[in-house]
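**Student:** I'd like to ask you about the structure that follows.
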Amino acid sequence: MTASSTYVVGVDIGGTNLVVGAMPADGSREIGVHSLPTQAVLGADSVIERIRGMIETTIAAVIQETGARREQVAGVGIGSPGPLDRERGVVILTPNLGWTNFPLRDRISAAVGLPAVLDNDANCATLGEAWLGAAKGGRNVVGFTLGTGIGGGLILDGRLFHGASDVAGEIGHATIEANGRKCGCGNYGCLEAYASGPAIAMRAREALAGGEGSLIPSLVDGDLTKLTAAKVYLASAQGDAIATEVVKETARFLAIGVANMLNIFNPDVVVLAGGVAQAGDTLFVPLRAEVRRRAFKPAVDACRIVPGALGSSAGMVGAVAAFLEAHPVA
């Protein structure tokens, strides 16, 4: 098969949603991309069946839109939360999904009769942005995926770096406060405990407890349990003082993480993907300023710090890229 006649399906598995789509091997377009709730509470077998159905729907879209035959679909790339054993295709542990030592790659491969490749979801999002998104052209790329948690990916000298046991790039669990907030991982002071979506909402609720006036409650009909990072950013954009202070704090926390990555890896691009990263200049202007203050000037001068460009497709696109790295198309 040539690249122009070969298609790959990408699967991005999240604790909340599944995203599945396909691309030709040259990355020129997205085909049949769709999303469904993961519904992990129904069990692993149910999730696998849901993914199988989504893959088949996507393959049908490829055939309908391009006239390709099923044999032209080379395989499936899968991005999953970890930690993983990529060689065996096993998810070692995913608290949000309730899986332990789960043979995800082979279960999906058997379900659809196609070869499959498994990688970490944040690695895939970083790879997607480096292939076709905001980090395109970068040889040394650090990716932050900002959402319910904070994940990361490292591309060094043009190749995804996995480390000795497939857990490289866990940027969200870098310590930024030695005696700080407890993180869901059990450690204290992790970046994720301060700058993930839920952490931003929690810090805003804490700030509101002081009784200062704010428009934040009106954005959630007075129910602060419904507060999200997106609402905090919206309030900041509308001039709310409490929200603006929370956003500035978030920029400072993220800048510590970014500056550490600049001083360690000297990347040419740092890309921040995910919902939390879409705050625009409200977040990125103070973040870049704080990075300039904390990191070595030559590292800062060499690096672009940018929001992701692929949106919710980043993980799917990167899963396709991960498959193509393992199974190059002539």
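**Student:** Pull up all non-local amide H partners of Cys183: gap of 5 or more, or a different chain, and H-to-H distance under 5 Å with H placed in the peptide plane.
**Tutor:** Long-range HN contacts for Cys183: Tyr188, Gly189, Cys190.
**Student:** Rg and Dmax in Å for the chain, alpha carbons only: what are they?
**Tutor:** 20.1, 65
**Student:** With springs only between Cα atoms under 10 Å apart, run a GNM on the chain and tell me which of Val285, Val247, Val47 wobbles the most.
**Tutor:** Among Val285, Val247, Val47, the largest mean-square fluctuation in the Gaussian network model of the chain belongs to Val285.
**Student:** By the gyration tensor of its Cα atoms, with a ≥ b ≥ c the square roots of the eigenvalues, what is the shape of the stretch 212-330: rounded for a/c under 1.5, prolate for a/b over b/c, or oblate? Please list the in-between numbers first.
**Tutor:** Details: a/c = 3.38, a/b = 1.44, b/c = 2.35.
Verdict is oblate for the stretch 212-330.
**Student:** In what sequence do Lys297, Lys136 fall when counting other Cβ within 10 Å, fewest first?
**Tutor:** Lowest to highest Cβ neighbour count: Lys297, Lys136.
**Student:** Now for a different question. Which of the peptides 286-294, 196-204 is most tightly packed, and how do the rest follow, going by the mean number of other Cβ atoms within 10 Å of each residue?
**Tutor:** The most tightly packed comes first, giving 196-204, 286-294.
**Student:** Quick check on the stretch 95-140: take the gyration tensor over C-alpha atoms, sort the square-rooted eigenvalues as a ≥ b ≥ c, and tell me if it's rounded (a/c under 1.5), prolate or oblate.
**Tutor:** oblate
**Student:** Rounded, prolate or oblate: pick one for the stretch 138-223, where a ≥ b ≥ c are the square roots of the eigenvalues of its C-alpha gyration tensor, a/c under 1.5 means rounded, and failing that, prolate if a/b is larger than b/c, else oblate.
**Tutor:** Values: a/c = 3.50, a/b = 2.14, b/c = 1.64.
Prolate, because a/c is 1.5 or more and a/b exceeds b/c.
**Student:** Same structure, new question: Any idea what Rg and Dmax come out to for the stretch 15-121 if you just take the C-alpha atoms, in Å?
**Tutor:** Over the stretch 15-121's Cα set, Rg and Dmax evaluate to 13.8, 41 Å.
Bear in mind that the values in this text are calculations on the coordinates, not laboratory data. Every value quoted in this text rests on a predicted model; they were computed, and no experiment measured them. Ideal geometry is used to build each Cβ from the backbone, glycine not excepted, and the neighbour counts take in all protein chains shown.
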